[in-house]
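Right, one structure below, let's go through it.
What follows draws every value from the coordinates through simple rules; no lab data is involved. Bear in mind the structure is a predicted one, so any value in this text is a computation, not a measurement. Virtual Cβ from ideal backbone geometry, glycine too; neighbours counted across all protein chains shown.
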Amino acid sequence: MARVKILLADDHTLLCHLLRELLEPEYEVVGSVGDGRELLKAAATLDPDVVLVDIGMPGLNGLDAGRRLKQVNPRVKLIYLTMNSNVEYAREALQAGASAFVLKNSHSSQLLHAIRDALRNVSYVAPEIRKAMNEVFIRDPKAVERPQRLTDRQREVLQLLAEGRALREIAARLKISYRTVRFHKVGIMQELGMSKNADLVRYAMRHGMISAA
């Protein structure tokens, strides 16, 4: 019987190496990538059963990459592995189709448990995150139902803006015109009710598009 295939997506090379050592006795680690765009390319060719993905990755964050991956491959299991215990990140991850949300400071047994649960179509959320999510729900039941307000393209542009990229660099990266980038920036600010670049950065940090570090 073929072993379950796992793809690693994290921009910390050392962590990927350690994860490979942890997982390979039981699973086949088919590759590792360091950003969201490479994740989408690698998943298309390697066809993993499970993807372990960080949230804060450059270029295209793990939340948006995971959302796109689930659109083209609904059967893949997404397991988010992050340092950030922000409940909003967990909510966004689950909305993106995640099977599990695990903290990097958790014991390795939690990650293995999460993978096994995901393969049985059972969701897993780190206990401390699950408790915090329940507390948020008690205070505001509608908090877990807030819809995405930006398009995929707008989220791409927003992340690159928040990373400090110039408009022309964004245009080149996304293979769109400079005027289109400007159009998206204006649309993002209008949609979110913002007028300053600093507001965009704070929004991107709050929603897991860029790291606070």
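Data table
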{"quantity": "From the C-alpha gyration tensor of the chain, square roots of 5λ in Å", "calculated": "29, 21, 14"}
{"quantity": "Relative contact order, percent, the stretch 1-52 [alpha-carbon distance under 8 Å, six or more residues apart]", "calculated": "53"}
{"quantity": "Additional length obtainable on full extension of the chain from Arg130 to Leu22, 0.36 nm per residue less Cα span", "calculated": "36.4 nm"}
{"quantity": "Low-density loop positions, GluC sites (Glu not before Pro), the stretch 1-87 - DSSP coil, at most 14 other Cβ in 10 Å", "calculated": "Glu26"}
{"quantity": "Across Lys77/Lys131; Lys5/Lys70; Lys41/Lys185; Lys5/Lys41; Lys41/Lys70, pairs whose alpha-carbon gap is larger than 18 Å", "calculated": "Lys77/Lys131; Lys41/Lys185"}
{"quantity": "Most fluctuating residue given options Gln71, Gln110, Gln159, as computed from a GNM of the chain linking Cα atoms under 10 Å", "calculated": "Gln71"}
{"quantity": "Linear extension gain, Arg168 paired with His107, 0.36 nm per residue minus alpha-carbon span", "calculated": "17.6 nm"}
{"quantity": "0 to 90° range, to nearest 10: angle between helix 13-23 axis and the chain longest Cα axis", "calculated": "30"}
{"quantity": "Label-point separation, Ile176 to Lys41 (7 Å along Cα→Cβ), nm", "calculated": "2.0"}
{"quantity": "Isotropically averaged projected area of the stretch 13-63, using the convex hull of Cα atoms (one quarter of hull area), nm²", "calculated": "3.5"}
{"quantity": "Degrees separating the helix 36-46 axis from the principal Cα axis of the chain, which is the longest one", "calculated": "40"}
{"quantity": "DSSP-assigned coil residues among trypsin sites (Lys or Arg not before Pro) in the stretch 1-109, each with at most 10 further Cβ atoms within 10 Å", "calculated": "Arg75"}
